[in-house]
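Participant: Have a look at the structure that comes next, please.
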Amino acid sequence: MPQEDLSKLKIDKSVKKSVTAGRRKKPFIIAALVILLIVCAVLYRLGVIAPTSTVDVTTVSLIYPAQSLSVLNASGYIVAQRKAAVASKMTGRLTALMVEEGSQVQKGQILARMENADVTAVKGQGTANLANARSMLKQTAVERDNLAQEHDRYKRLIAGGNVSQSEYDLINTRYLRSQEAVKGAQAAVESASAALSGAEANLDYTLIRAPFDGVVLTKNADVGDIVTPLGASSTSKAAVVTLADMGSLHVEVDVSETSITLIKVGQPCNIQLDALSDKRFRGVVHTVVPTVDRAKATVLVKVRFIDKDKRMLPDMSAKVSFLSRELTGEELKPRLAVSQSALLSVKEKNIVYLISDNKVRETTISIGGKLGDMQEVTAGLKAGDRVALKPKGLKDGAKIKVAER
């Protein structure tokens, strides 16, 4: 029994070996964990395993300083203040049309011609009648001059008692009649001349002329159409062309009656055309029409262009900013700007986080003055760049996800 108890007190060598092996492995495990932590820290620093942040994004854009001076904005359309539907004063068939849409015309230029055989004949008749009346005037004038000489001779004779009173009275009567005949012939000439003028006017009515310098907007009739002053029948046309004076283009906008006190005649404006979005045009309030539209509770305001462009056309949509003051020369140019909430000031540097491939890149920029809630950017960004809003907490190279709106 004592020998068995002593054998139990012996140390098991296999257990000893396992404990020793475990002690030997422990330093390697610790080292591996340290290396893993270092690698994770490096990868996090590089943004490889960094958590994805959701950020709001804004776009760097070109803005005009006028936006910060606007007291009221309104939308409307370009309207030609001088516009005419050109028609004929006579009824007839159109035989020639010398213009088309877009044609530039001068005042008095012939736009179209109507058939005129009948009025041409009337004019010829008037010309002949006038020639005949003038010939009759010459005959009566010759007779009057001859009787005037005879009258003077008989006047001397009767003073010497060489002719009787009855002979003198006969010559005197003929002379007075010749004077009245000349007056009648002169009236006939005037009548014939007036008739000829009327025939010429009727002939001129068959020539449809431009009432002012302008551009042809629409062609409403064609060769062969019957043209009437009123377009009374379905087969007849009233207007031949529609003409607009491009020098009279204005912008007409509807302004709420509650805001009309912010606008006055002569107030400077900034005009943006949807069709010419890359430019801004100076304007001035031309008139405030003193009538309220009951249905819309608006007042019509007409804005005159100071700057013009040949590409402007009637009925183009326009946006008008009514300004608190007139713009200076530098303020007429667009400026690169970004939202002020995208800026961070770090160690006296202005930085933004530029977005590229779902990552942010810390970018140092140079700034100018403030433009409302925007900040002018003078260097470091370009129009169209996207940057993070409220970037506090972001790191260079961090992954991001753009917030959906």
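Participant: Over all Cα pairs of segment 334-405, how is the pair count split among 5 Å bins, expressed in % and running from 0 up to the last occupied bin?
Facilitator: For segment 334-405, the pair-distance distribution reads 3, 17, 29, 26, 15, 8, 1.
Participant: I would also like to ask the following. Nearest 20 debye, what's the magnitude of the dipole of segment 117-205 about its Cα centre given +1 on Lys and Arg Cβ and -1 on Asp and Glu Cβ? List each step's numbers first, then the result.
Facilitator: On the way: 10 positive and 11 negative charges, 61 e Å.
Roughly 300 debye for segment 117-205.
Participant: Would you mind getting me the FRET efficiency between A187 and T287? Use the beta-carbon distance for r and R0 = 41 Å, nearest 0.05.
Facilitator: Details: r = 52 Å, r/R0 = 1.26.
About 0.20, to the nearest 0.05.
Participant: Can you compute 3J(HN,Hα) from phi for each residue in segment 257-270, using the Karplus curve 6.51 cos²θ - 1.76 cosθ + 1.60 with θ = phi - 60°, rounded to whole Hz and x for Gly and Pro?
Facilitator: Residue by residue, segment 257-270 yields 4, 6, 10, 5, 5, 7, 10, 9, 4, x, 5, x, 9, 10 Hz.
Participant: Can you figure out the FRET efficiency of N146 with K107, using R₀ = 51 Å and their beta-carbon distance, to the nearest 0.05? Let's see the in-between values first.
Facilitator: Details: r = 52 Å, r/R0 = 1.02.
E(calc), rounded to 0.05, equals 0.45.
Participant: Based solely on its DSSP helices, what 222 nm [θ] is calculated for the chain when runs of n ≥ 4 H residues each add -39,500 (n - 2.57) and the sum is averaged over all residues, nearest 500 deg cm²/dmol?
Facilitator: Numbers: 5 runs with 129 residues, N = 405.
Counting only the DSSP helices, I get -11500 deg cm²/dmol.
Participant: Looking at the chain, send over the antiparallel percent of its DSSP beta bridges, to the nearest 5. Write out the running numbers ahead of the final one.
Facilitator: On the way: 80 of 85 bridges.
Percentage antiparallel, nearest 5: 95.
Participant: What would the Debye formula give as log10 I(q)/I(0) at q = 0.16, 0.20 Å⁻¹ for the alpha-carbon point model of segment 199-292, no solvent?
Facilitator: Debye intensities relative to I(0), on a log10 scale: -0.88, -1.05.
Participant: With the dipole of segment 295-352 worked out from charges on the C-beta (+1 for Lys and Arg, -1 for Asp and Glu) around the Cα centre, which of V303, M316, S345 lies farthest toward the positive end?
Facilitator: M316
Participant: Pairs to check: K359/K390; K349/K382; K123/K219; K264/K310; K347/K370. Give those whose C-alpha atoms are more than 26 Å from each other in this structure.
Facilitator: Working: K359/K390 15 Å; K349/K382 18 Å; K123/K219 30 Å; K264/K310 28 Å; K347/K370 21 Å.
Violating the 26 Å limit, Cα to Cα: K123/K219; K264/K310.
Participant: A further question on this structure: Applying 1/(1 + (r/R0)^6) with R0 = 35 Å to the Cβ-Cβ distance of E180 and T120, what FRET efficiency is obtained, to the nearest 0.05?
Facilitator: On the way: r = 36 Å, r/R0 = 1.03.
With a Förster radius of 35 Å, E is 0.45.
Participant: Take the Cα of D278, step 7 Å along the line toward its Cβ, and report every residue of segment 362-405 whose backbone nitrogen sits under 17 Å from that point.
Facilitator: 383-384
Participant: Rounded to a whole number, what is D in µm²/s for segment 104-223 from Stokes-Einstein with the Kirkwood radius over alpha-carbon pairs (4 °C, 1.567 mPa s)? Let's see the in-between values first.
Facilitator: Working: Rh = 18.6 Å.
The Stokes-Einstein estimate is 70 µm²/s.
Participant: Run the simple label-point estimate for L37 and T59 please: 7 Å along Cα→C-beta, distance reported in nm.
Facilitator: Using points 7 Å along Cα→Cβ, the separation is 4.7 nm.
Participant: Using the alpha carbons of the chain, what is the convex hull volume per residue in cubic angstrom, as a whole number? Write down the numbers at each step before the final one.
Facilitator: Details: hull volume 148.0 nm³, N = 405.
Hull volume over Cα atoms, normalised by residue count, gives 365 Å³.
Participant: With unit charges on the beta carbons (Lys and Arg positive, Asp and Glu negative) and the dipole taken about the Cα centre of segment 287-405, which residue among A398, V292, T328 sits farthest to the positive side?
Facilitator: Final value for the positive-end residue is A398.
Participant: Mind checking which of K123, K347, K89 has the largest fluctuation in a GNM of the chain, springs on alpha carbons under 10 Å?
Facilitator: K347
Taken together, the values in this text are just the output of simple stated rules run on the coordinates, not laboratory data. Note that the coordinates shown come from a computational prediction; the quantities given were computed from them, not determined experimentally. So basically every Cβ, Gly included, is an ideal-geometry build from the backbone, and we count neighbours across all protein chains shown.
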